[in-house]
Amino acid sequence: MNDLFKIDKRILDASDKALELCKEQFENIEKITEYNQLKVQKAFIDNRISESHFGTSTGYGYGDMGRETLDKVWAQVFGAESALVRHNFTCGTHTLATALYGVLRPGDKMLCVTGTPYDTIHSVIGISGEGMGSLKDFGVKYDEVPLKDEKLDYDAIEKAVDDSVTMVYIQRSRGYELRPSLSVDEIGKVCKIVKEKNSNVIVMVDNCYGEFVETKEPTEVGADLIAGSLIKNAGGGIATTGGYIAGREDLVEKCAYRLTTPGLGAEVGATLGHNRELYMGLFFAPHTVGEALKSAVYISALYELFGYDVTPKYNETRHDIVQSLGLENPESLVAFCQGIQSGSPVDSFLLPEPWDMPGYDSKVVMAAGAFTLGSSIELSADAPIREPYYAWIQGGLNFHSAKICALLAAQQMEDKGLLK
Ligand SMILES: *Cc1c(COP(=O)(O)O)cnc(C)c1O
């Protein structure tokens, strides 16, 4: 490796040790990847996918067989009655918002049971922002049950689910918080508690960063509706944009009416040549998620060996692909991100600098050298420049390429006299 990249012996020795520590987790990840790959493959075979599904449509997009069958394949993989997979969901937030507006009506109440949800959902609910047509503007009420010691508070959830609640909302991934992500079993337990209390309640899960991390998805343990982004896990690094919704047939249909119009629903939508990459993305997704998980586990082990605070630890069970590193000071955050960027296949020559990103109350430094702009199933790191000086890392299309980035980041810190 040293003919190609200059890495100090101390860092390489730590890397060897980290790989040794990761062995058991890598074996676990391998098993999950294989199971999920077979699940996807079976769905392709059962739905008799052929080249004709990769065709394109224009205009209204009536009768686009590729689009219609992709929804069926997706539903099978996610153990759902129905699915809506579209390149014209612009991002995860748009997809989640479509699902929320799709099924909630004036007077309904949404109850988030994982504390305050991901930042970009705030203006959708109406927790922040005004005059944008939030759910609140349309008379949808909102309440939340905070986490207790960073865990689901089952008793409080049971108490909060009364007759006034229409939807219970769960965020599976930790997002940019330090709390642990939720397991599918924990989500299943919430579903059970909620349904026993009031069987009419819709349980919806923000599934971002969670797809294919375990062998089951929330729709297989009682969730009525899930949604996520295709430039994260479920697009396998191949999809260049889009999102998906899956779940109960009547609810997915309502979401389709919201995405297009009442009456037209999922019957329209030109695919403009995207079908092939969405099929291929789903086919690759289990493997790509496995590579991203291996990358996260390795980075966790390596930086723990250097003496940094890491969550999750390398030997902890994971429920999403996010890894965070406590790098202790602003200089280290910047050096780390610059090192990651320097090893990226795209835009390696750019030097990330902290900037005032809209919507954040502190400067943020980000590393992203991706084939798809903003894709976070590709290796990316971002860090708000504020205490406790954590960097959030996710993705990695393949382990080897993420590994060299992690080593270059350590080297960059070492060169600046910052590495512990
Ligand atoms: C990424 C993400 C979203 C959606 O974000 P987009 O950037 O709009 O795709 C929502 N919730 C969680 C937990 C996420 O990680």
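Numerical summary
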read-out: Complete set of residues in the range 143-166 that are surrounded by 13 or more Cβ atoms within 10 Å (Cβ to Cβ) and within 16 Å of the ligand (Cβ to nearest atom); value: GLU144, LEU147, LEU152
read-out: All positions within the range 370-410 that are in contact with an Asp or Glu (Cβ under 9 Å, 6 or more places away or on another chain), open to solvent by 20 Å² or more (accessible area, probe 1.4 Å) and of a type in the set (A, V, I, L, M); value: LEU397
read-out: Test: residue in the range 333-349 that is touching a Phe, Trp or Tyr at 6+ places or on another chain (Cβ under 8 Å) and within 16 Å of the ligand (Cβ to nearest atom); value: no
read-out: Any chance GLU130 is away from the ligand (no atom under 16 Å from the Cβ) and modelled with pLDDT under 95; value: yes
read-out: Residues (in contact (Cβ under 8 Å) with a residue 40 or more places away in the chain, farther than 26 Å from GLY175 by Cβ and touching a His at 6+ places or on another chain (Cβ under 7 Å)) located in the range 62-94; value: GLY66
read-out: Hits in the range 47-56 - residues which are open to solvent by 70 Å² or more (accessible area, probe 1.4 Å), without any contact (Cβ under 8 Å) to a residue 24 or more places away in the chain and part of a loop (DSSP other than H, G, I, E, B); value: ARG48
read-out: The one condition in (1) assigned to a helix (DSSP H, G or I); (2) among the basic types (Lys, Arg); (3) more than 23 Å from the chain's Cα centre (by Cα) that LYS403 fails to fulfil; value: (3)
read-out: The listed residue being closer than 24 Å to TYR154 by Cβ, modelled with pLDDT of 95 or more and either among the charged types (D, E, K, R) or open to solvent by 10 Å² or more (accessible area, probe 1.4 Å) (or both), out of VAL213, VAL203, VAL194, VAL221; value: VAL221
read-out: Selection within the range 203-234 - within 12 Å of the ligand (Cβ to nearest atom), without any contact (Cβ under 8 Å) to a residue 60 or more places away in the chain and outside any loop (DSSP other than H, G, I, E, B); value: VAL205, ALA234
read-out: The range 83-93, subset open to solvent by less than 40 Å² (accessible area, probe 1.4 Å) and outside any helix (DSSP H, G or I), residue nearest to the ligand (Cβ to nearest atom); value: PHE89
read-out: Counted residues, the range 98-120 - those being within 10 Å of the ligand (Cβ to nearest atom) and crowded, with 22+ Cβ neighbours inside 10 Å; value: 1
read-out: Criterion: assigned to a loop (DSSP other than H, G, I, E, B) and closer than 24 Å to GLU150 by Cα - qualifying residue of GLY59, GLY131, GLY115, GLY107; value: GLY115
read-out: ALA246 being within 16 Å of the ligand (Cβ to nearest atom) and open to solvent by less than 10 Å² (accessible area, probe 1.4 Å); value: yes
read-out: Candidate set: the range 350-391, residues that are more than 16 Å from the ligand (Cβ to nearest atom) and aromatic (Phe, Trp, Tyr); chosen: the one nearest to ASP309 (Cα to Cα); value: TYR389
read-out: Boolean, LEU96 is closer than 30 Å to PHE138 by Cα and in a helix (DSSP H, G or I); value: yes
read-out: Selection status of ASP64, away from the ligand (no atom under 16 Å from the Cβ), within 15 Å of LEU230 (Cα to Cα) and acidic (Asp, Glu); value: no
read-out: Odd one out for SER123 among (1) of a type in the set (Gly, Ala, Ser); (2) within 12 Å of the ligand (Cβ to nearest atom); (3) assigned to a loop (DSSP other than H, G, I, E, B); value: (3)
read-out: Filter result for ASP382 (under 30 Å from PRO218 (Cβ atoms), at pLDDT below 95 and not in a helix (DSSP H, G or I)); value: yes
read-out: Test for LEU230: is it within 15 Å of the chain's Cα centre (by Cα) and open to solvent by less than 30 Å² (accessible area, probe 1.4 Å); value: yes
read-out: Among (1) at pLDDT 95 or above; (2) closer than 30 Å to PRO384 by Cβ; (3) open to solvent by 30 Å² or more (accessible area, probe 1.4 Å); (4) outside any loop (DSSP other than H, G, I, E, B), the one test that ASP185 misses; value: (2)
read-out: Matching residues, the range 261-276, being closer than 13 Å to ARG86 by Cβ and in contact (Cβ under 8 Å) with a residue 40 or more places away in the chain; value: ALA266, GLU267, VAL268, GLY269, ALA270, THR271, LEU272, HIS274, ASN275
read-out: Residue check for GLY59: in contact (Cβ under 8 Å) with a residue 60 or more places away in the chain and of a type in the set (Gly, Ala, Ser); value: yes
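The values are calculated or read from the model by the stated rules, or taken from the named source; none is laboratory data. Bear in mind that the values here come from a model prediction, so they are computed numbers and not experimental data. Cβ sites come from the backbone with ideal geometry, for glycine too, and all protein chains shown count toward neighbours. Each accessible area value is taken on the protein alone, full model and side chains, heavy atoms only, with ligands, DNA and RNA left out. Shrake-Rupley method; radii C 1.70, N 1.55, O 1.52, S 1.80 Å.
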